Amino acid sequence: MSPLLSIENISKGFSSAGRQIIALDNVSLTIAAGETLGLVGGSGSGKSTLSRILLRLVSCDAGSIRFDGEDWLRLKGAALRRKRARMQMVFQDPLAAFNPLATVGTVLDDPLRIHGIVARDRRPGEIAMLLERVGLTADHANRPVRALSGGQRQRVAIARAIATRPSLLVLDEAVSALDVTVRGRILELLVDLQKQQGIACLFISHDLAVVRAVSHRVAVMDGGRMVEIGPAAAIVAAPQSAAARALVAAVPCLVTDPS
Ligand SMILES: Nc1ncnc2c1ncn2[C@@H]1O[C@H](COP(=O)(O)OP(=O)(O)O)[C@@H](O)[C@H]1O
Ligand SMILES: [Mg+2]
């Protein structure tokens, strides 16, 4: 079976203050349907640039991406809008994406309406179901986003991301701003969602312990290159690259296998 996502030889340079930076150098990876691939690497290794290219927020210089059977970077217009529902993102700071005055209900109603997921009269029920699925309750719908804790906001961000029934979630440092206990609960939620709904994830973090807790396979980036990719347990037990060894060394006790 062909993979859900196939990133092939993506390169991207930036010029900054007269200097040319190679942010991505020939990066390739695949994600199978229902698989969680962890993408880990130090600061500046190119992880966010790759996620932005994948979400089509920035263009790349070379390479191609196949997603859900389509030549993803070439999709335009209505076909692109339709397909966008199938790839959703969760970033570090959900407040940056949500109007703080909006209620949780409107935050979740938007994607349902925009992508025509369910008819108007069924949307309140769908919103209640989404809230329950991420460990909140139906009455959270009436609360303003700004009244929520960091962990609750990230749950709402995840509910919003799964509202359009995506086949792929892209999470870029999605738990990095949360304290350890809350982070653990959000990681548990992600593993649950992944198991129950078979949503594939590209889970990006600078922290190998966090990546290890949710990922089937792990890809390691260093200086814009993909230096290592393989089963999470194998990379933790026997890192091959200097970058992977440094990431393993930075984590005194790694969390247990999700599978
Ligand atoms: N818009 C931009 N303009 C110039 N340089 C950028 C831009 N975005 C990223 N970079 C550079 O590209 C490299 C990779 O950055 P990034 O993808 O954010 O890394 P990571 O997410 O792994 O920390 C860094 O050297 C960064 O400074
Ligand atoms: Mg980043």
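The values are calculated or read from the model by the stated rules, or taken from the named source; none is laboratory data. Model, not experiment: these values are computed from the prediction. Please note: Cβ atoms are built from the backbone with ideal geometry, for glycine as well, and neighbour counts cover all protein chains shown. SASA here: full protein model, heavy atoms, side chains in, ligands and nucleic acids out. Shrake-Rupley method; radii C 1.70, N 1.55, O 1.52, S 1.80 Å.
Only one residue in V182, V156, V170 is outside any helix (DSSP H, G or I), touching a residue at least 12 places away in the same chain (Cβ under 8 Å) and of a type in the set (V, I, T). Which one?
V170
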Quiz item: Among D207, D172, which is the only one that is buried (at least 21 other Cβ atoms within 10 Å of the Cβ), within 27 Å of P3 (Cβ to Cβ), touching a strand residue (DSSP E or B) at 6+ places or on another chain (Cβ under 8 Å) and acidic (D, E)?
Solution: D172
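Would it be correct to say that S45 is within 19 Å of H206 (Cα to Cα), surrounded by 14 or more Cβ atoms within 10 Å (Cβ to Cβ) and in contact (Cβ under 8 Å) with a residue 12 or more places away in the chain?
On the way: within 19 Å of H206 (Cα to Cα): yes; surrounded by 14 or more Cβ atoms within 10 Å (Cβ to Cβ): yes; in contact (Cβ under 8 Å) with a residue 12 or more places away in the chain: yes.
Here the answer is yes, as S45 does meet what is asked.
Taking the conditions exactly as written (closer than 26 Å to G44 by Cβ, more than 16 Å from ligand 1 (Cβ to nearest atom), under 15 Å from the mean Cα position of the chain (by Cα) and of a type outside the set (G, A, S)), does L190 satisfy them or not? It would help to see each step written out before you state the result.
Numbers: closer than 26 Å to G44 by Cβ: yes; more than 16 Å from ligand 1 (Cβ to nearest atom): yes; under 15 Å from the mean Cα position of the chain (by Cα): yes; of a type outside the set (G, A, S): yes.
So L190 fits the description; yes.
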Quiz prompt | Some residue of the range 140-152 being open to solvent by 40 Å² or more (accessible area, probe 1.4 Å) and free of Cβ contacts under 8 Å to residues at least 12 places away in the same chain | solution = yes
